[in-house]
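The values are calculated or read from the model by the stated rules, or taken from the named source; none is laboratory data. The structure presented is a predicted model; accordingly, all values stated were derived computationally and were not measured. Cβ coordinates were reconstructed from backbone atoms using ideal geometry, including for glycine residues, and neighbour counts include every protein chain displayed. We work out accessible area using only protein heavy atoms, side chains counted, and drop any ligands, DNA or RNA first. Shrake-Rupley method; radii C 1.70, N 1.55, O 1.52, S 1.80 Å.
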Amino acid sequence: MSQSTTTSEAAAFAIARKALERIRDLGQVPDPATYAVWFTYFQGHNQTLNREIEELEPGALSRTRLNAIHDRHFATERHFGQLLSVGEALGAETRKVENVIKVASGSAADYGLDLQNAAETLDIGGTNSSASELIKSLVRSTDAIQQTNALLQAQLQQSEHQFRLLQENMETLRLESMTDPLTRLANRKYFDFFLSQATAKAADEEAPDSFSLAMVDVDRFKQFNDQFGHVTGDDVLRLVAFALKHNVRANDLVARYGGDEFVVLLPNASLEDAMAIGDQIRKAVAERPLLRRATKETLGYVTLSIGVAAWTPGETAEALLERADRHLYQAKANGRNCLVGAPVPPKPSTAPARPTT
């Protein structure tokens, strides 16, 4: 074992010891998330994390707060967030390449012009011929530099073109990675990322803004598929997606969660706000007939069951989803085409079985 390896291991153990001591001093349990935060803090490789911790009072370093910090800096969803910004970063690099081309081209041209003017001035003034020849030699050298620069400029322009293609491809990938191809809504991966961000942010605030969640399911969707075929089933999903997009607020996130199930993330919305928006969505779908595209024949009406839940302090994203899902199943049990946004006590005998969709 080399001396550098020994030193590195010794440093790692020293950092680990500091992390465990800090967790102990805070009276907390060294779970993986808390340990990762403090190990990184004492390692000093993430200055953003360090500044965030140092701006907090020691009494504010609760386990919930540390878990929220961990989610922002270490959660796997961060990779998805980084993908969302790659296109913008590539655009900035492209602009840098453009500036290099302009500066390189302009500098060589100006330099050549200055030397040419100097040579002409020396000739007109009848000054020492050796100085004039020197300047002319430099002018010839500058001509060669300009030719080389022209070649470089062409190569840079080609690189710029390739860079732009890469940027366009990355933007396409970015959009595809977060979009459901059938409905053109956000997909589940995109939704899960933003729900985790919203939960972590709310958990890390002293007085968090309320946000809510609506789970939306198409009633008897299987019957549409069985009776009219999958093409009509796809039309049903598009109809619901259209109604969702046009009956929510500008900052609400609508996503296809899977199959015939949709979800809406409603920032800064109380349970009452979310219920009102959910009922608006339900009515918009129920009042619009489903038409066969080829013949414009009316195939009936689509209805929705919706479960709504408002985030409560300390609640995880998974718990919030589960609660909204339970409300959705209760809406199905209540006869469909309705909303449930508050816990419904189970029947005295047994809890209702999950209804068919």
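Can you list the HN-Hα couplings for region 293-300, worked out from phi with the Karplus curve (6.51, -1.76, 1.60; θ = phi - 60°), rounded to whole Hz and with x for Gly and Pro?
Using θ = phi - 60°, the values come out as 4, 5, 10, 6, 6, 6, 9, x Hz.
Quick one: Karplus J couplings for region 56-69, per residue in order, coefficients 6.51, -1.76, 1.60, θ = phi - 60°, nearest Hz, x for Gly and Pro?
Rounded to whole hertz, the list is 9, 6, x, x, 8, 7, 6, 5, 4, 5, 5, 5, 5, 4.
Could you check the spin-label model distance between Leu20 and Ile145? Points 7 Å from the Cα along Cα→Cβ, value in nm.
Each label point is offset 7 Å from its Cα along the Cβ direction, giving 6.3 nm.
Which FRET efficiency, nearest 0.05, do Leu56 and Gln280 yield, Cβ-Cβ r, R0 56 Å?
Calculated value: 0.90.
When the chain is fully extended, how far beyond the present Cα-Cα distance does Leu291 get from Thr232, taking 0.36 nm per residue of separation?
20.3 nm
Restricting attention to region 222-323, which GluC sites (Glu not before Pro) occupy a DSSP loop and are surrounded by at most 13 other Cβ atoms within 10 Å?
Of the GluC sites (Glu not before Pro), the ones in loops of region 222-323 whose Cβ has at most 13 other Cβ atoms within 10 Å are Glu287, Glu297.
R0 = 25 Å: FRET efficiency of Ala342 with Thr316, Cβ-based, nearest 0.05?
Here the calculated transfer efficiency is 0.80.
Rank Arg249, Arg323, Arg17 by accessible area, highest first, at a 1.4 Å probe radius?
Largest accessible area first, the list is Arg17, Arg249, Arg323.
Would you please give the FRET efficiency between Leu299 and Asp209, computed as 1/(1 + (r/R0)^6) with r the Cβ-Cβ distance and R0 = 51 Å, to the nearest 0.05?
Once rounded, the FRET efficiency stands at 0.75.
For Thr179, list long-range residues whose amide hydrogen, built 1.01 Å from N in the peptide plane, is under 5 Å from its own amide hydrogen.
Asn187
What list of ³J(HN,Hα) couplings, whole Hz, do you get for region 250-264 from phi and the Karplus terms 6.51, -1.76, 1.60, once you set θ to phi - 60° and write x for glycine and proline?
For region 250-264, the Karplus curve yields 4, 9, 7, 10, 10, 9, 8, 8, x, x, 9, 10, 10, 9, 10 Hz.
With labels modelled as points extended 7 Å from the Cα through the Cβ direction, what inter-label distance (nm, one decimal) is found for Asn334 paired with Ala10?
6.8 nm
How far is it, in nm, from the label point at Lys245 to the one at Arg220 when both lie 7 Å from their Cα along the line to the Cβ?
For the pair Lys245/Arg220, the computed spacing is 2.8 nm.
For a quick check: with amide H placed at 1.01 Å from N, whose amide H comes under 5 Å from Leu299's, ignoring anything fewer than 5 positions away on the same chain?
Leu290, Leu291, Arg292
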